[in-house]
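Trainee: Just dropping this structure here.
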Amino acid sequence: MNQTMFCYQCQETAGCTGCTRVGVCGKKPDLAAMQDLLVFVTKGLSAVTTQLRAEGVEISTDINHLITLNLFVTITNANFDKDAIVSRIHTSLEVKRNLIKQLSASSSLPSAALWDGTEDSFEGKAAEVGVLSTKDEDIRSLRELITYGLKGLSAYSKHANALLHDDENVDAFLQKALAATLDDSLGAEELVALALEVGKYGVDGMALLDKANTETYGNPEITKVNIGVRNNPAILVSGHDLKDLEMLLEQTQGTGVDVYTHSEMLPAHYYPAFKKYQNFVGNYGNAWWKQKDEFEAFHGPILMTTNCIVPPRDSYKDRLYTTGAAGYPGCQHIGDISAENGSASAVNKDFTVIIEHAKKCGEKRIKKTRRRGGIYSADPGRNPSDGDQSKKVIGRKIVYEDRSGE
């Protein structure tokens, strides 16, 4: 078979070696190519910002956030929208173009920093700069390990940034390390050391996010989470972005629309600040990979704030909305009113469209849930009364209770 792409950034990659024709996640070769190019352009941009810092030039928060979000949108199951990725490539090239003008000299920049192609050259360039463009397998593996670690760091940073928490040291390191993956003078020993340093800054990134979350929403506490459903119109929210959830809850007050979490958003229930919302009903469904069945059964709109998106069935695709780093072609994306350029500062979103959609779906009853092998899933054959089941969240453990006598 001919190889039309190469991606091995996730643990589910085909044959544990790499997806070469289509991603196990559902990513197509043309999208994979544009994601490769976005990473390449972002590495070049990071080389420019790193040199500017060395010359004493301050890098703006908006540029830091642009680089962070560029990495975040390329993680597995986050963004399948090729047009959105291409748009970010254009934006990044424009920003890089302007920053290069501020340098005292550009002769020492790597080729990725100097490349400035037009859209008709994107496909050809992407074919030259993918994962396999590094021929030495050991160097390639270390560069990719560093890049994937930085993608994880970008996710922590983006969520903290949305809550107006930034760490210039983390941003500067992320960009310096990303630029270092372009440096052919670095051997295995130097790259191993850099990979370990990425781990150290990963811990710093988690500390930043923890500080942002707890200062904004309080310290997590033992919480019983309802897994029953009510008869009101409702929105299902998945992903990891607590700021998006907060804005949605604020905007649904007095509308008669309930809000449920799914999968990755479950931990929101044990932050004290969210408990004041009477329409924050509980959790619906299971892990992200069961979403095709559960989103279909929900009979209401779904908001994906980040990964993990599984390519949707046509039966509910018109009810799937994305925001932030998430995206899927054919699904409506709810952007940031205050910062359409990708900045996460002072995030402000209008969720009216999904709230109104929920009201229109209200005549269809949301299917109930039941426990199956210790995991809850959508099942129209089970109709427990509201509140007869709950999840008790205790730190990192989840204890299931069934108070219905079954």
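Trainee: Consider Val86 against the criteria (1) surrounded by fewer than 21 Cβ atoms within 10 Å (Cβ to Cβ); (2) touching a Phe, Trp or Tyr at 6+ places or on another chain (Cβ under 9 Å); (3) assigned to a loop (DSSP other than H, G, I, E, B): it satisfies all of them except one. Which criterion is unmet?
Mentor: Status for Val86: all satisfied but (3).
Trainee: Sticking with this one: Mind checking whether some residue in the range 346-355 is at pLDDT below 95, crowded, with 20+ Cβ neighbours inside 10 Å, within 21 Å of the chain's Cα centre (by Cα) and within 30 Å of Leu93 (Cα to Cα)?
Mentor: Yes, the range 346-355 contains at least one residue that is at pLDDT below 95, crowded, with 20+ Cβ neighbours inside 10 Å, within 21 Å of the chain's Cα centre (by Cα) and within 30 Å of Leu93 (Cα to Cα).
Trainee: Go through (1) surrounded by 15 or more Cβ atoms within 10 Å (Cβ to Cβ); (2) out of contact with any Gly (no Cβ under 9 Å at 6 or more places or on another chain); (3) in a loop (DSSP other than H, G, I, E, B) and name the single condition Asn219 misses.
Mentor: It fails just one condition, (1).
Trainee: Name the residues in the range 88-126 that are among the hydroxyl-bearing types (Ser, Thr, Tyr) and within 24 Å of Gly152 (Cβ to Cβ), would you?
Mentor: Scanning the range 88-126 gives Thr91, Ser92.
Trainee: Filter the range 1-45 down to the residues that are in a loop (DSSP other than H, G, I, E, B) and among the small types (Gly, Ala, Ser), then identify the one that is nearest to Gly327 (Cα to Cα).
Mentor: Gly26
Trainee: Being without any contact (Cβ under 8 Å) to a residue 60 or more places away in the chain and β-branched (Val, Ile, Thr) is the filter; apply it to the range 15-73 and report the residue that is surrounded by the fewest Cβ atoms within 10 Å (Cβ to Cβ).
Mentor: Only one residue tops the list, namely Thr17.
Trainee: In the range 1-17, which residues are in contact with a strand residue (DSSP E or B) (Cβ under 7 Å, 6 or more places away or on another chain) and over 18 Å from Lys151 (Cα atoms)?
Mentor: Across the range 1-17, the qualifying residue is only Met5.
Trainee: Something else: Can you tell me which residues in the range 268-297 are part of a helix (DSSP H, G or I) and either touching a Cys at 6+ places or on another chain (Cβ under 9 Å) or hydroxyl-bearing (Ser, Thr, Tyr) (or both)?
Mentor: The answer is Tyr270, Trp288, Trp289, Gln291.
Trainee: Ok, one more. Considering only residues that are surrounded by 24 or more Cβ atoms within 10 Å (Cβ to Cβ) and under 21 Å from Ile366 (Cα atoms), which ones fall in the range 230-244?
Mentor: Passing the criteria: Pro233, Ala234, Ile235, Leu236, Val237, Ser238, Gly239.
Trainee: Also: Out of everything in the range 161-172 that is among the hydrophobic types (A, V, I, L, M, F, W, C) and surrounded by 21 or more Cβ atoms within 10 Å (Cβ to Cβ), what residue ends up being nearest to Thr134 (Cα to Cα)?
Mentor: Val170
Trainee: Pairs please, first residue from the range 232-252 and closer than 14 Å to Gly324 by Cα and touching a residue at least 12 places away in the same chain (Cβ under 8 Å), second anywhere and of a type in the set (S, T, N, Q) and outside any loop (DSSP other than H, G, I, E, B), Cβ atoms under 7 Å, 6+ apart in sequence or on different chains.
Mentor: Listed pairs, sorted by first residue: Val237/Thr261; Ser238/Ser263; Leu242/Asn213; Asp244/Thr323.
Trainee: Among the residues of the range 47-63, count how many are outside any loop (DSSP other than H, G, I, E, B) and not charged (D, E, K, R).
Mentor: 9
Trainee: State yes or no: is Asp258 in contact with a strand residue (DSSP E or B) (Cβ under 7 Å, 6 or more places away or on another chain), under 15 Å from Thr322 (Cα atoms) and either charged (D, E, K, R) or modelled with pLDDT under 95 (or both)?
Mentor: No: the conditions fail for Asp258.
Trainee: Identify all residues within the range 320-345 that are out of contact with any strand residue (DSSP E or B) (no Cβ under 8 Å at 6 or more places or on another chain) and modelled with pLDDT of 95 or more; write none if there are none.
Mentor: Gly324, Pro329, Gly330
Trainee: Anything in the range 300-330 that is over 16 Å from Val73 (Cα atoms), assigned to a loop (DSSP other than H, G, I, E, B) and out of contact with any Gly (no Cβ under 9 Å at 6 or more places or on another chain)? List them, or say none.
Mentor: The answer is Pro301, Arg313, Gly330.
Trainee: Pairs needed: first member in the range 96-109, modelled with pLDDT of 95 or more; second member anywhere, surrounded by 11 or more Cβ atoms within 10 Å (Cβ to Cβ) and among the hydroxyl-bearing types (Ser, Thr, Tyr); C-beta distance under 8 Å; at least 6 residues apart or different chains.
Mentor: Between residues of the range 96-109 that are modelled with pLDDT of 95 or more and residues that are surrounded by 11 or more Cβ atoms within 10 Å (Cβ to Cβ) and among the hydroxyl-bearing types (Ser, Thr, Tyr), the close pairs are Leu99/Thr49; Ile100/Ser106.
Trainee: Take the residues in the range 89-111 that are within 15 Å of Met34 (Cα to Cα) and among the hydrophobic types (A, V, I, L, M, F, W, C); name whichever of them is surrounded by the fewest Cβ atoms within 10 Å (Cβ to Cβ).
Mentor: Leu93
Trainee: Here is a list of conditions, (1) touching a helix residue (DSSP H, G or I) at 6+ places or on another chain (Cβ under 9 Å); (2) free of Cβ contacts under 8 Å to residues at least 40 places away in the same chain; (3) farther than 28 Å from Val310 by Cβ; (4) assigned to a helix (DSSP H, G or I), and Asp184 meets all of them except one; can you say which number that is?
Mentor: (4) is the only condition that Asp184 fails.
Trainee: Restricting attention to the range 245-269, and to residues there that are at positive phi and in contact with a helix residue (DSSP H, G or I) (Cβ under 9 Å, 6 or more places away or on another chain), which single residue is surrounded by the most Cβ atoms within 10 Å (Cβ to Cβ)?
Mentor: Within the range 245-269, the match that is surrounded by the most Cβ atoms within 10 Å (Cβ to Cβ) is Ser263.
The values are calculated or read from the model by the stated rules, or taken from the named source; none is laboratory data. Values in this document were obtained by computation on a predicted structure and should not be read as measured data. All Cβ positions, even for glycine, are placed from backbone atoms using ideal geometry, and neighbour counts span all protein chains on display.
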